[in-house]
Amino acid sequence: MIKGNFIDNLPRVYGIYTGGFLAFIIIMAIGEQMGMSSKAIGICFVAFTVAIYAIIGYLSRTAQADAYYVAGRQVPTVFNGMATAADWMSGASFVAMAGGIYFKGYGYMALLVGWTGGYVLVASLLAPYLRKFGCYTVPDFIGTRYGGNLSRLLAVIVLTVASFTYVTAQINATGTIASVALDIPFQYAVYVGLVSILLCSMLGGMRGVTWTQVAQYIVLIIAYLLPVFWISNKMGAGFFPHFMLADEVARIGELESQYGFVKNSAADLATVPKGLAGITKAHSAVNATPWAFISLALAMMMGTASLPHVMMRYFTTPSVKAARKSVGWSLFFIFLLYSSAPMLATLSKLSLIDPNLATGIIGKSISEVQSIDWYQNWNQANLMFVSDFNGNGTLELNEFFMGGKAVVLATPEIAGLPYVISGLVAAGGMAAAMSTADGLILAIANALSHDLYYKIIDPKAETAKRLVVARVLLVVIGFAGATIAAMEIQGILGSVIWAFDFAMSGLFFPLVLGVWWKRANKEGAIAGMALGLISGTAYLIWVRNGGSGFLGITQLTFGIFGSAVSLVSMVVVSLMTSAPDAATQKMVDEVRVPSGKSILGKQH
Amino acid sequence: MSKQAQHWEKTRGLLFMTLAIWFVFSIGIFLFGAEMESIGGPFGYPLTYWFTCQGSLGIFVILIFWFANRQEKIDEEFGFTEKGDD
């Protein structure tokens, strides 16, 4: 069926895969009609997709350094775009984003703008130049451009802090989904999730991760878009929701002003289960100050350009030109999901609060709502709650509470879609969380094995030994992440945002100025990374412990302070010390043109 | 001025143009979020809402492809295009 080179056959391979997955969905739908239990459907969806990723991971095994670190630099533009989109869109994007928009409206949507706008910075400031450099990891660029082990080591530290903060949230998400779908306790489900993640990356490194991420993107995008379109059509809201929900958005505004946002007393709120929230903010109206919106968007954009697991995806393209185009494709594939999240939030909210719709619950009697099947299911899962605070027997807007995850997970059921869709959504969430976790764990393990072990500790190590070290580190970091995830210290979304702030505090300016300012030198970069990370972290600790903060910089945007310190210290220290030598200046000149040899050799 | 310096000057010009457009749609317009709210946007959505869900996001996608094409043209003009790839 398939002849010749794997790369040449990619469209066909993934075409067959997509067809097979759609056929699997149809088989499950038929199974449901024939009486297959919802639990069996959930298990089939998660087990089947994870098994496919594991097979891809096994088939991609390699013993070569450039295949392990950068997938042999032969990933075509569009496929790298899909892999980056999967790498990028985490469990948080998939499960929590629509919920965030549902509850917080405009103020939250700064994240949509920030998490897409950052790609403009990636494309124009960094990705093509780092691709030309020929590095394996982000610290590889810092260490070679600025020289010296200390700068390399600091880059490894910033990378590890940011990525590790991020990865615990992703392992947590895989654990949550695995525990729901497979019906096992969370503490064990976390390790089931971890093993699935490691199966994709252990044998093939970046090559294995690339080809599983493409497969995971296909699953997650189908799992996100199919319910949105289906619900929209079923509600009669519009055939193509993205262009047709204006009336629904307006209707929500109308209902909001009709109901009003009644504030609950603290005593009433204390009875609501932890983690659930009511609708307290307008759906589409502007509810944040310009600076609150802009500062959050800006922090996410600069963080995007500094997160190593994204940047290293562009090291895998065949050329500099392809790296640039690939950023565009990545953002296109991300756009497909991000532009759908507000639509899902709109459909979900309207179907719950509009009394003219069969699914609407506001205005019904409390006892009637409590007897609905889906309410009972999600109430048991601790994701939904109603309470008659004012004692009038009727459910008011301020008496209905929901978990953020429920918007994605429960809306198909509320809208009356068959259970097979819920199974599909679980598989999609698993794919989203796994693909991001894989990228992150690989980024950390590669930085430690390549930059710390090979470049600093044992530069004479042979390839075989290096790759063994890389794999051992992968497992160790994975288990460390899973152990912390099992403790459930932070929420998923909060720790994701922190990761962006850590990354931008330490890495944004050392990376950008490394390409765009020839005068930047080693001392400056060291000061920029160290002081940026330290001041950002100190600000976070200060605000977390009751500090008032300044300039409206919150614990979600502390990277703005960190990166400002980083920029100032890097420029001042660079100018106070001597200019980089002629060889370094020539290196920067060569990075700036796409033609010619890369700075670092194919095998290094 | 050497070929390389000219190439870099044009590349930098393109960067500033790209960043200017990026700035307008990621930061500039959101200074006026409240003012744009009452204006009707595409497909009947309020303008601010449309920009946050689709407008800015879509403009970024187009901007990156436009940037990539312009940069390729600049590289070709000065003969810095890579050989032997897609």
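The values are calculated or read from the model by the stated rules, or taken from the named source; none is laboratory data. All of these numbers come straight from a predicted model, not from anything done at the bench. Neighbour counts run over all protein chains shown; Cβ positions are idealised from the backbone, glycine included.
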(request) Exactly one condition in (1) surrounded by 15 or more Cβ atoms within 10 Å (Cβ to Cβ); (2) in contact (Cβ under 8 Å) with a residue 12 or more places away in the chain; (3) over 26 Å from the mean Cα position of the chain (by Cα); (4) over 17 Å from A:Leu159 (Cβ atoms) is not met by A:Val568; state its number. (result) (2)
(request) Would you point out which residue out of A:Thr289, A:Thr210, A:Thr271 is at pLDDT 90 or above, out of contact with any Pro (no Cβ under 9 Å at 6 or more places or on another chain) and more than 23 Å from A:Val408 (Cβ to Cβ)? (result) A:Thr210
(request) Give the stretch B:59-86 a look and list any residue that's in contact with a Phe, Trp or Tyr (Cβ under 7 Å, 6 or more places away or on another chain) and either at the interface with chain A (Cβ under 7 Å from one of its Cβ atoms) or modelled with pLDDT under 85 (or both), or say none. (result) B:Phe60, B:Val61, B:Leu63, B:Ile64
(request) Filter the stretch B:1-58 for residues that are hydroxyl-bearing (Ser, Thr, Tyr) and either within 19 Å of the chain's Cα centre (by Cα) or more than 7 Å from chain A (Cβ to nearest Cβ) (or both) and give the result. (result) B:Ser2, B:Thr11, B:Thr18, B:Ser26, B:Ser38, B:Thr52, B:Ser56
(request) Return only the number of the condition from (1) within 30 Å of A:Leu513 (Cβ to Cβ); (2) assigned to a helix (DSSP H, G or I) that A:Asp268 does not satisfy. (result) (1)
(request) Looking only at the stretch A:380-388, decide whether some residue is part of a helix (DSSP H, G or I), farther than 18 Å from A:Thr280 by Cα and not basic (Lys, Arg). (result) yes
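Yes or no, residue by residue, for (1) closer than 30 Å to A:Gly403 by Cα; (2) charged (D, E, K, R):
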site: A:Pro459; (1), (2): no, no
site: A:Glu462; (1), (2): no, yes
site: A:Ile484; (1), (2): yes, no
site: A:Trp498; (1), (2): yes, no
site: A:Met529; (1), (2): no, no
(request) Search the stretch A:235-259 for residues being touching a residue at least 40 places away in the same chain (Cβ under 8 Å) and not in a helix (DSSP H, G or I), and hand back the single one that is surrounded by the most Cβ atoms within 10 Å (Cβ to Cβ). (result) A:Leu245
(message) If I filter the stretch A:122-143 for residues that are without any contact (Cβ under 8 Å) to a residue 24 or more places away in the chain and either on the phi < 0 side of the Ramachandran plot or of a type in the set (Val, Ile, Thr) (or both), do I get at least one hit?
(response) yes
(request) Give me a count of the residues in the stretch A:357-410 that are of a type in the set (Gly, Ala, Ser) and within 22 Å of A:Ile231 (Cβ to Cβ). (result) 8
(request) Out of A:Glu523, A:Glu488, report the one residue that is more than 20 Å from A:Trp88 (Cβ to Cβ), modelled with pLDDT under 90 and among the acidic types (Asp, Glu). (result) A:Glu488
(request) Taking A:Pro459 as meeting all but one of (1) modelled with pLDDT under 85; (2) in contact with a Leu (Cβ under 8 Å, 6 or more places away or on another chain), write down the number of the exception. (result) (2)
(request) Go through (1) touching a residue at least 24 places away in the same chain (Cβ under 8 Å); (2) surrounded by fewer than 22 Cβ atoms within 10 Å (Cβ to Cβ) and name the single condition A:Asp388 misses. (result) (1)
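Residue-wise test of (1) under 21 Å from the mean Cα position of the chain (by Cα); (2) at pLDDT below 90; (3) assigned to a loop (DSSP other than H, G, I, E, B); (4) hydrophobic (A, V, I, L, M, F, W, C).
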{"site": "A:Ile294", "(1), (2), (3), (4)": "yes, no, no, yes"}
{"site": "A:Ala299", "(1), (2), (3), (4)": "yes, no, no, yes"}
{"site": "A:Ala305", "(1), (2), (3), (4)": "yes, no, no, yes"}
{"site": "A:Val310", "(1), (2), (3), (4)": "yes, no, no, yes"}
{"site": "A:Arg313", "(1), (2), (3), (4)": "yes, no, no, no"}
{"site": "A:Leu336", "(1), (2), (3), (4)": "yes, no, no, yes"}
{"site": "A:Leu347", "(1), (2), (3), (4)": "no, no, no, yes"}
{"site": "A:Ala358", "(1), (2), (3), (4)": "no, yes, yes, yes"}
(message) For a quick check of your reading: which helices (runs of 4 or more DSSP H) sit entirely within the stretch A:1-94 and have at least 1 residues that are of a type in the set (Asp, Glu) and more than 30 Å from A:Tyr119 (Cα to Cα)?
(response) A:10-33
(request) Select from the stretch A:309-320 the residues that are surrounded by fewer than 23 Cβ atoms within 10 Å (Cβ to Cβ) and either of a type outside the set (Ser, Thr, Tyr) or more than 13 Å from chain B (Cβ to nearest Cβ) (or both) and list them in ascending order. (result) A:Pro318
(request) Please go through the stretch B:18-33 and pick out each residue that is surrounded by fewer than 18 Cβ atoms within 10 Å (Cβ to Cβ) and within 22 Å of A:Lys518 (Cβ to Cβ). (result) B:Leu19
(message) I need the full set of residues from the stretch A:270-299 which are loosely packed, with under 14 Cβ neighbours inside 10 Å and either among the hydrophobic types (A, V, I, L, M, F, W, C) or over 28 Å from A:Ile553 (Cβ atoms) (or both), in order please.
(response) A:Ala270, A:Thr271, A:Pro273
(message) For the stretch A:285-308: of the residues being in contact with a Gly (Cβ under 6 Å, 6 or more places away or on another chain), facing chain B (nearest Cβ under 9 Å) and small (Gly, Ala, Ser), which is nearest to B:Glu35 (Cα to Cα)?
(response) A:Ala288
(message) Please determine whether any residue of the stretch A:339-350 is within 14 Å of chain B (Cβ to nearest Cβ), of a type in the set (D, E, K, R) and in contact with a Gly (Cβ under 9 Å, 6 or more places away or on another chain).
(response) no
(request) Look through the stretch A:525-556, keep the residues that are assigned to a helix (DSSP H, G or I) and free of Cβ contacts under 8 Å to residues at least 24 places away in the same chain, and return whichever of them is surrounded by the most Cβ atoms within 10 Å (Cβ to Cβ). (result) A:Tyr539
